[in-house]
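A.B. asks: Once you've had a glance at the structure underneath, I'll fire off some questions.
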Amino acid sequence: PLHFASARRHRRTTQTNMAEPQEEYEEDGEEYEEVTDEEEEYEEEEEEEDDEEEAAAPAPQAMTPQAAMLQAMQRQAQAQAQAQQPVGPKEWAGLKDMPAKTQASLNEVLSRMTSKGQTEMTVVFVGKQGAGKSSTLNSVLNERVAAAAPFQPETLRPLLAARRAAGFTISLLDTPGLLEGDAVSQRGMSSVKLAMKDRKVHAVVYMDRLDSWRVDNSDRAIFKALADNFGMDIWERTVLGFSHGQLSPTQLPYDQFVEARANELRSAIRDTLNAPHLALPHAVVENGSRCATNKDGEKVLPDKERTAWVPKFVSTLADVATRLLDPMEFDEQKTYSKDDPNKKRRLLILPMLALQVFVLRPFITNLIRADIKKGKGGRV
């Protein structure tokens, strides 16, 4: 008789080892080999021997109560050990890979803040899509934390990167863009609220591009939306960050161009919010690989002083964080907008009620009674 050896081997493999994935094959065109009676008897004897060996194998012994208790105690000890592991910010590994002079400058800034009794600084990045929020966060930490690439869809949730160095904790919060089309993105604004919820914020960075030469109505809508949702306190601690700092202006020297661009954005914010007192310091960053470096390997800007922008940027944030004594604490239950419709003209409620009760009601009542006396009143 003809038997299909491949089918027999496939069945035996399935019986003895069920954990392995089954191989897929096609029946059409497969070659089968012929098996004689002697070979068949030999295979059957092998199957019987395998079955006897499996039957003779010792059955797993039942666990005693003492062993079960010991195993449970071991698992509980492991769970407690994992729970006791310190949970918090990571060590700032990227700081060690920075140039030595940049490390020294950053450590000096952190030490200056620590000497004033401040051991942490939380910074929130806000702005339009493509302004350089994620790239700046990565450059400051010298680590690839936030996804930042051209034509890559932006994340819809805030991202927190907290790092610890020399007893100081710096926390950077990246948020989605605040513009959707030509209007303010409510989803993006909700993400900023989520980032600030139950968190003490020391500084805010409003990112924009240095090579963007004008402020339009969508920018002004963002200025007002931030003030309406978070109050003017958010602008009191805001630093204007300008990305794409490695540009070459054609009509003005670099320093004058940067100052004019910063003044333009600063004036637009002050005028839109009717707040001429806002300081709004600025800092320029360059996150691209084409950023120039000095002899010490630091990333520098093309200004006259060849400023190393990473220490300058962090120092500007530290100045804002230490200038204001109390950090910002966002309260989602509080109404920050001055244009709250529930409060609009509410002072007129009592005068209008008094006018209705003491003037209009008696006047109308007297008219009705006069008509009744003249016989002009009808039945109801």
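The values are calculated or read from the model by the stated rules, or taken from the named source; none is laboratory data. These numbers were taken from a predicted model, which means no experiment stands behind them. Heads up, the Cβs are rebuilt from the backbone with ideal geometry, glycines too, and the neighbour counts pull from every protein chain shown. We work out accessible area using only protein heavy atoms, side chains counted, and drop any ligands, DNA or RNA first. Shrake-Rupley method; radii C 1.70, N 1.55, O 1.52, S 1.80 Å.
A.B. asks: For region 189-200, enumerate the residues that are more than 14 Å from the chain's Cα centre (by Cα) and at pLDDT 90 or above.
C.D. replies: Lys200
A.B. asks: Is it true that Thr136 is touching a Gly at 6+ places or on another chain (Cβ under 9 Å) and under 21 Å from Leu324 (Cβ atoms)?
C.D. replies: Here the answer is no, as Thr136 does not meet what is asked.
A.B. asks: Any residue at all in region 140-153 that's modelled with pLDDT of 90 or more and at positive phi?
C.D. replies: Yes, because at least one residue in region 140-153 is modelled with pLDDT of 90 or more and at positive phi.
A.B. asks: Among the numbered conditions (1) under 23 Å from Leu141 (Cα atoms); (2) under 27 Å from the mean Cα position of the chain (by Cα), tell me where Arg306 comes up short.
C.D. replies: Status for Arg306: all satisfied but (2).
A.B. asks: Restricting to region 286-308, name every residue that is part of a strand (DSSP E or B) and surrounded by 13 or more Cβ atoms within 10 Å (Cβ to Cβ).
C.D. replies: Passing the criteria: Lys299, Val300, Ala308.
A.B. asks: Right, something else. (1) modelled with pLDDT of 90 or more; (2) closer than 16 Å to Val314 by Cβ; (3) touching a helix residue (DSSP H, G or I) at 6+ places or on another chain (Cβ under 6 Å): which one isn't true of Gly177, the others all being true?
C.D. replies: Gly177 satisfies all of (1) modelled with pLDDT of 90 or more; (2) closer than 16 Å to Val314 by Cβ; (3) touching a helix residue (DSSP H, G or I) at 6+ places or on another chain (Cβ under 6 Å) except (2).
A.B. asks: Any idea which of Ile349, Ile372, Ile364, Ile269 is at pLDDT 85 or above and farther than 26 Å from Phe242 by Cα?
C.D. replies: Every option except Ile364 fails the conditions.
A.B. asks: If you don't mind, there's one more thing I want to ask. Would you check if Asp211 is free of Cβ contacts under 8 Å to residues at least 40 places away in the same chain and under 15 Å from Glu286 (Cα atoms)?
C.D. replies: yes
A.B. asks: OK, next. Criterion first (open to solvent by less than 100 Å² (accessible area, probe 1.4 Å), modelled with pLDDT of 85 or more and over 29 Å from Gly130 (Cβ atoms)) does Thr322 satisfy it?
C.D. replies: Here the answer is yes, as Thr322 does meet what is asked.
A.B. asks: Go through (1) aliphatic (A, V, I, L, M); (2) touching a residue at least 24 places away in the same chain (Cβ under 8 Å); (3) closer than 30 Å to Thr169 by Cβ and name the single condition Ala268 misses.
C.D. replies: (3)
A.B. asks: So, one more: In region 153-254, which strands (runs of 3 or more DSSP E) lie fully inside it and hold 3 or more residues that are farther than 22 Å from Lys299 by Cβ, hydrophobic (A, V, I, L, M, F, W, C) and open to solvent by 10 Å² or more (accessible area, probe 1.4 Å)?
C.D. replies: Passing ranges, in order: 159-165.
A.B. asks: Hey, another quick one. Is it the case that region 98-108 has a residue that's part of a loop (DSSP other than H, G, I, E, B) and at pLDDT 95 or above?
C.D. replies: yes
A.B. asks: Say we look at region 172-208 and pick out the residues that are of a type in the set (Ser, Thr, Tyr) and in contact (Cβ under 8 Å) with a residue 40 or more places away in the chain; which of these is farthest from Glu332 (Cα to Cα)?
C.D. replies: Tyr206
Condition check ((1) open to solvent by 30 Å² or more (accessible area, probe 1.4 Å); (2) not in a loop (DSSP other than H, G, I, E, B)) across all residues:
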{"residue": "Leu265", "(1), (2)": "no, yes"}
{"residue": "Ala275", "(1), (2)": "no, no"}
{"residue": "Val310", "(1), (2)": "no, yes"}
{"residue": "Glu332", "(1), (2)": "yes, no"}
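A.B. asks: I'm told Ile269 meets every condition in (1) farther than 14 Å from Ser212 by Cα; (2) part of a loop (DSSP other than H, G, I, E, B) except one. Can you identify the failing condition by its number?
C.D. replies: Against the list (1) farther than 14 Å from Ser212 by Cα; (2) part of a loop (DSSP other than H, G, I, E, B), Ile269 comes up short only on (2).
A.B. asks: So is Ala283 under 20 Å from Phe125 (Cα atoms), outside any helix (DSSP H, G or I) and open to solvent by less than 70 Å² (accessible area, probe 1.4 Å) or not?
C.D. replies: yes
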